Amino acid sequence: MRNHDIPNLISLLRMLLVVPLAAMLLQQRYAEALLIFVLAGISDALDGFLAKRYGWKSRLGSILDPVADKLLLMTSFLALAWLGLLPLWLAAVVVGRDLIIVLGAVAYHYTIRRFDLLPSRTSKINTVMQIALVLAVMLHQSLLPGVGEVVYILIYTVLVTTLASGVHYIWTWGTRALQSTAEDPGD
């Protein structure tokens with residue numbers, strides 16, 4: 001293994017945390033789930049730091065890192081909705097947005113051209129809000145039962161940011177797809 005592979009390895013290890021995270025959530029062991037979620041966040045910060053600081057960036061890393069993040073968040077949303085701690089409709093919106101983006105990206109890649117999908121500012125805000133909501137629910141269930149009002153506010157904040165981010169991606173990449181096909185009508 002070479003040094004520049006370390007961020008990718010960290011991302012792969014973060015993906016492996018999905019299984020114990022789901023198990024702890026479904027067993028309603030929220031303090032342990034919170035610890036795993038925080039560990040995953042630290043690993044995300046570490047792999048990003050290493051990639052930027054030492055130039056250990058790669059195409060594979062640009063795929064693995066967001067996939068690991070999305071797997072952790074989608075698992076958390078689905079498990080928390082299954083347990084009745086988050087509305088099922090919110091989990092459906094969060095997962096649906098991500099599926100639409102992934103399917104759109106794959107379609108764009110194979111029908112128009114290869115691209116590097118960089119997260120938009122709206123998407124970054126959405127991710128922060130989703131993380132905050134998952135953390136708030138776990139904290140509410142384990143260490144700080146008084147944050148129920150924060151959870152309620154974050155549910156609707158996540159709804160708004162998820163929808164805004166999804167619309168932004170559809171608009172941006174739909175426009176790019178139309179422009180690409182208009183520029184190259186011979187294909």
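The numbers here are math on the coordinates, done by the rules we state, and not lab data. Just so it is clear, the model here is predicted, and its values are computed rather than measured. Don't worry about glycine lacking a Cβ; one is built from the backbone with ideal geometry, like all the others, and counts go over all protein chains shown.
Just a few scattered comments:
- Ordering 183, 149 by the number of other Cβ atoms within 10 Å of each residue's own Cβ, fewest first, gives 183, 149.
- Across the chain the C-alpha pair distances fall into 10 Å bins from zero in the proportions 9, 32, 33, 19, 6, 1, 0 percent.
- For the stretch 3-183, a simple Cβ point-charge model (Lys and Arg +1, Asp and Glu -1, everything else neutral) yields a dipole of about 380 debye relative to the Cα centre.
- Screening the chain for whole DSSP H helices with an alpha carbon extent of at least 20 angstrom along the helix axis and a mean Kyte-Doolittle hydropathy of at least 1.0 yields 59-82, 88-111.
- For 74, 1, order by how many other beta-carbon atoms lie within 10 Å, fewest first: 1, 74
- Calculated FRET efficiency for the pair residue 58/residue 16, C-beta based, R₀ 22 Å, to 0.05: 0.70
- Each of 156, 21, 85 was scored by the projection of its Cα onto the charge dipole of the chain, and the greatest displacement toward the positive side belongs to 21; charges sit on the C-beta of Lys, Arg, Asp and Glu.
- Sites residue 100 and residue 3 - FRET efficiency at Förster radius 30 Å, r taken between beta-carbons, to 0.05: 0.25
- Projecting the Cα positions of 3, 115, 145 onto the charge dipole of the chain (unit charges on Cβ atoms of Lys, Arg, Asp and Glu, taken about the Cα centre) puts 3 furthest along the positive direction.
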